[in-house]
Amino acid sequence: MWRFLTALTTVVCLPGSCGICMGFCGPAKYEVQEECCPMCGPGYYVYKHCTEHSSTSCAPCTASTCTDAQSGLLSCRLCTECDSSTSSSDTVCGDCGENTYSDGSFTSCRPHTQCEPGYELIKEGTSSNDTECKKSLIGIITATVIVTLLVIFITIAAIFIQKNRRMPDENATSFR
């Protein structure tokens, strides 16, 4: 009866369960040939099963593969490609929330850039692209017009002041 239950537990747990069985071996262990072996941690797979005299040997997952939790898997599985992932965590795919985005290379959504003063909005951000801003021509044109008007005003003021200084001198000589 023991062997039947052990075999049944192994058969029921392994398919689609990522090697996580809490049957007769207890948590964080898996059964191989009537041995309860320690599972490998997230980001690792079983390189060599434990024996009566040695513990489980684990190896790290390679690029584009991962394991999310402790397991007795003999290989890492392919990670989801919709976003970046690490060897110890697969990506959860989905659209970013309002005012955030991810271009597929981030591990989480980032807030959209806010255009600073002097910059204008070129393109609104989406769930997969950041906001695009560029230096505003209106700001440059406004600054140029203000500086030009200021120079003209100062020039006119200087001419007016110079002209008023000469007038009293001319009037003084005409009364002699």
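The values are calculated or read from the model by the stated rules, or taken from the named source; none is laboratory data. Everything numeric here is computed off the predicted structure, so don't read it as measured data. Positions of Cβ are generated from backbone atoms using ideal geometry, with glycine treated the same way; all protein chains shown enter the neighbour counts.
When restricted to residues that are assigned to a loop (DSSP other than H, G, I, E, B) and small (G, A, S), the range 128-167 contains 2. Among the residues of the range 46-66, which ones are among the hydroxyl-bearing types (S, T, Y) and under 17 Å from P27 (Cα atoms)? Hits for the range 46-66 are S55, T56. Please work out if T107 is assigned to a loop (DSSP other than H, G, I, E, B), under 30 Å from K134 (Cβ atoms) and at pLDDT 85 or above. Criteria not met by T107.
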